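Read the structure below first, then the notes.
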Amino acid sequence: MQSSGRFRNQLLATASIALLLAIWQVLAFALHSPTLPTPGLVAITFWRATLSGELPYHLGVTLLRLLGSFSLAMLLGCAIGVVLGKNKTLDAFFDNWLVIFLNIPALVTIILCYVWFGLVESAAILAVVINKLPNVIVTIREGARSLDKDLLEMAQSYRFSKRKTFLYVIWPQLHPFVMAATRSGLALIWKIILVVELLGRSNGMGYQLHIFFQLFDVASLLAYSFAFVAVIQIIEVGLLKPLDRKTQRWRR
């Protein structure tokens, strides 16, 4: 039953993508405009950029920035979120800070980091981390607040070690919040990285998209964009979803 349901979902997903491509193709033929190339032209552009090595290089640079900034934001955000969720005094003190940083536009933070620290790689990574960090903290803080106190008292009564308490009591309850922060983080952070690269870097996907914009090269714009979206989808389907299913096996 589960396999048939999974096959049905895959079939529906494939049909959905096919319909989207068909609509795109019809609109491209109807408008007959260089601002809307056909899917075939975008695919050819993607293939040529891949063979030349240009697309893999810039994609790799952006993914390295994504990995570094995402890891820093998640590690710091999880640690701070747990502390604020468990300490009401610190939470009350820093709550306004979170509200302020959540509402500062990403563009402002990026520009300030470049002005203060220069057009260097560390400033680019710092700008991305600052933009992502408040979202992680708020999500994990809510998870820490919702921890079941009865389970924590039970672990204390049975004299669980700190490691055992974390693995078998705290982590299963925090896991959904960590996954929510991870998924929303991937969706948000790569968009911020593109702006960071557009404004102050000489390589990466954002830098290339800026060049294509100046040249009105829409086919290359779409080819590079779809390449990056495809990589993020592979991370989601190939890593995050299997990891989520594995860690949620204890649920009925």
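Filtered by the rule that a residue be at negative phi and assigned to a loop (DSSP other than H, G, I, E, B), the stretch 26-41 gives Ser33, Pro34, Thr35, Leu36, Pro37, Thr38.
If you check Pro105, Pro34, Pro39 for being open to solvent by less than 60 Å² (accessible area, probe 1.4 Å) and at pLDDT below 90, only one passes: Pro39.
Within the stretch 14-32, residues that are within 17 Å of Val218 (Cα to Cα) and free of Cβ contacts under 8 Å to residues at least 60 places away in the same chain have Cβ atoms under 7 Å from residues that are among the β-branched types (Val, Ile, Thr) and exposed (fewer than 11 other Cβ atoms within 10 Å of the Cβ) in no pair, counting only partners at least 6 apart in sequence or on another chain.
The residue pairs whose first member lies in the stretch 109-131 and is under 15 Å from Phe70 (Cβ atoms), whose second member is open to solvent by 50 Å² or more (accessible area, probe 1.4 Å), and whose beta carbons are closer than 6 Å, counting only pairs six or more residues apart or on different chains, are Val129/Leu72. Does Ala223 count as open to solvent by less than 30 Å² (accessible area, probe 1.4 Å) and assigned to a helix (DSSP H, G or I)? It is true that Ala223 is open to solvent by less than 30 Å² (accessible area, probe 1.4 Å) and assigned to a helix (DSSP H, G or I). Taking the stretch 50-96 as the range and being within 14 Å of the chain's Cα centre (by Cα) and open to solvent by 60 Å² or more (accessible area, probe 1.4 Å) as the test, the residues that pass are Leu64, Leu67, Leu72.
For the subset of the stretch 226-242 comprising residues that are touching a residue at least 24 places away in the same chain (Cβ under 8 Å) and over 12 Å from the mean Cα position of the chain (by Cα), which member is surrounded by the most Cβ atoms within 10 Å (Cβ to Cβ)?
Step one: of the stretch 226-242, the residues touching a residue at least 24 places away in the same chain (Cβ under 8 Å) are 226-228, 231-232, 235-236, 240.
Going one step further and asking which of them are over 12 Å from the mean Cα position of the chain (by Cα), we end up with 226-227.
Numbers: Phe226: 14, Ala227: 17.
Residue satisfying both the conditions and the ranking: Ala227.
Screening Leu167, Leu152, Leu199, Leu147 for residues that are aliphatic (A, V, I, L, M) and under 27 Å from Tyr57 (Cβ atoms) leaves exactly one candidate, Leu199. Scan the stretch 189-211 and tell me whether some residue there is polar (S, T, N, Q), farther than 27 Å from Leu84 by Cβ, assigned by TED's automatic domain parsing to the domain that holds Glu54 and open to solvent by 40 Å² or more (accessible area, probe 1.4 Å). Yes, the stretch 189-211 contains at least one residue that is polar (S, T, N, Q), farther than 27 Å from Leu84 by Cβ, assigned by TED's automatic domain parsing to the domain that holds Glu54 and open to solvent by 40 Å² or more (accessible area, probe 1.4 Å).
Listed here are the residues, each with its yes/no results for (1) assigned by TED's automatic domain parsing to the domain that holds Ile232; (2) among the acidic types (Asp, Glu); (3) closer than 16 Å to Gly204 by Cα; (4) in a helix (DSSP H, G or I).
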position	(1), (2), (3), (4)
Trp24	no, no, no, yes
Ala43	yes, no, no, yes
Gly60	yes, no, yes, yes
Arg65	yes, no, yes, yes
Gly68	yes, no, yes, yes
Gly77	yes, no, no, yes
Ile80	yes, no, no, yes
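Within the stretch 184-201, is even one residue hydroxyl-bearing (Ser, Thr, Tyr), touching a Phe, Trp or Tyr at 6+ places or on another chain (Cβ under 8 Å) and part of a helix (DSSP H, G or I)?
Our first condition is that a residue be hydroxyl-bearing (Ser, Thr, Tyr); within the stretch 184-201, this holds for 184.
Pick out the ones that are also touching a Phe, Trp or Tyr at 6+ places or on another chain (Cβ under 8 Å) and you get none.
Taking every residue of the stretch 184-201 in turn, none turns out to be hydroxyl-bearing (Ser, Thr, Tyr), touching a Phe, Trp or Tyr at 6+ places or on another chain (Cβ under 8 Å) and part of a helix (DSSP H, G or I).
Given the criteria over 18 Å from Arg201 (Cβ atoms) and touching a helix residue (DSSP H, G or I) at 6+ places or on another chain (Cβ under 6 Å), does Pro105 qualify?
Details: over 18 Å from Arg201 (Cβ atoms): yes; touching a helix residue (DSSP H, G or I) at 6+ places or on another chain (Cβ under 6 Å): no.
Considered against the rule, which asks whether it is over 18 Å from Arg201 (Cβ atoms) and touching a helix residue (DSSP H, G or I) at 6+ places or on another chain (Cβ under 6 Å), Pro105 comes out as no.
Once the stretch 175-188 is narrowed to residues that are more than 13 Å from the chain's Cα centre (by Cα) and open to solvent by 10 Å² or more (accessible area, probe 1.4 Å), the residue that is nearest to Asn135 (Cα to Cα) is Phe177.
The values are calculated or read from the model by the stated rules, or taken from the named source; none is laboratory data. Keep in mind it's a predicted model, so treat the numbers as computed, not measured. Every residue, glycine as well, gets a Cβ built from its backbone with ideal geometry; the counts of neighbours run over all protein chains shown. To get the accessible areas, we keep the full protein, side chains included, count just its heavy atoms, and leave off ligands, DNA and RNA. Shrake-Rupley method; radii C 1.70, N 1.55, O 1.52, S 1.80 Å.
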